[in-house]
């Protein structure tokens, strides 16, 4: 079944902060399912773009549509996992129940299954904020996936995590793709992008400067800034 949030179209998106355009006429169309990885140097606007897609920031200009839906209309079909997970001062299990009260009432066993999927069933009754960094991020992903989102936004969701947690999160993302979820992932990790990306969006100075299939991007980036980025040069 086609995803209800595809194609994603972003037209002339501008966001002004401190008198400066931090998103400066972003144009982007994503029509295919799978994983789109957004890359670029610090300050390129990657996280801001993700937050606009999720409705956390209202842009000053431009339009975003997801399928036939506006951002507001698509919110119940979206989930977002941040670089630093935002967890309630409750147990791991209670965090899931709060995020998906309908599931908690009708199918409480699904909450335990969600914890099992991220190897946290034994931590179900522990305070979520006492978990390790990797465990907290795995819990945040399990919580996001409970609502069966059509669109999953990941903002550096594996940055600074232990390799086991990175591997587990990537495996869960791949499983979710097979179930029809569209994933947009912001990542600085070129290895991760090569492992996961179906297509790559490269941003610089608040603009999308390149978009291409992942194999094409890594083999032959079209823009000097993308070539320099992949070569590990310092971009000012």
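The values are calculated or read from the model by the stated rules, or taken from the named source; none is laboratory data. Note that the structure is predicted; figures quoted are calculated from it, not measured. Cβ coordinates were reconstructed from backbone atoms using ideal geometry, including for glycine residues, and neighbour counts include every protein chain displayed.
Would a scan of the range 214-234 turn up a residue that is in a strand (DSSP E or B), surrounded by 15 or more Cβ atoms within 10 Å (Cβ to Cβ) and in contact with a helix residue (DSSP H, G or I) (Cβ under 7 Å, 6 or more places away or on another chain)? No: zero hits. With respect to the conditions (1) outside any loop (DSSP other than H, G, I, E, B); (2) in contact (Cβ under 8 Å) with a residue 40 or more places away in the chain; (3) within 16 Å of the chain's Cα centre (by Cα), residue 188 lacks only one, and its number is (1). Would you be able to say whether some residue in the range 136-151 is under 29 Å from residue 67 (Cβ atoms), assigned to a strand (DSSP E or B) and either modelled with pLDDT of 95 or more or touching a strand residue (DSSP E or B) at 6+ places or on another chain (Cβ under 8 Å) (or both)? Yes: the range 136-151 contains one or more residues that are under 29 Å from residue 67 (Cβ atoms), assigned to a strand (DSSP E or B) and either modelled with pLDDT of 95 or more or touching a strand residue (DSSP E or B) at 6+ places or on another chain (Cβ under 8 Å) (or both). Within the range 198-207, can one find any residue that is over 16 Å from residue 78 (Cβ atoms), surrounded by fewer than 21 Cβ atoms within 10 Å (Cβ to Cβ), in contact (Cβ under 8 Å) with a residue 12 or more places away in the chain and within 12 Å of the chain's Cα centre (by Cα)? No, the conditions are met nowhere in the range 198-207. So for the range 139-161 (the condition being surrounded by fewer than 20 Cβ atoms within 10 Å (Cβ to Cβ) and over 28 Å from residue 30 (Cβ atoms)), does at least one residue qualify? Within the range 139-161, none of the residues are surrounded by fewer than 20 Cβ atoms within 10 Å (Cβ to Cβ) and over 28 Å from residue 30 (Cβ atoms). The number of residues in the range 162-178 being outside any helix (DSSP H, G or I) and either buried (at least 17 other Cβ atoms within 10 Å of the Cβ) or at pLDDT 90 or above (or both) comes to 0. Candidates 19, 67, 25: the one that is exposed (fewer than 15 other Cβ atoms within 10 Å of the Cβ), out of contact with any helix residue (DSSP H, G or I) (no Cβ under 7 Å at 6 or more places or on another chain), over 24 Å from residue 218 (Cβ atoms) and in contact (Cβ under 8 Å) with a residue 60 or more places away in the chain is 25.
Scanning the range 102-119 for residues that are part of a loop (DSSP other than H, G, I, E, B) and either surrounded by fewer than 20 Cβ atoms within 10 Å (Cβ to Cβ) or modelled with pLDDT of 95 or more (or both) gives 107, 108, 119.
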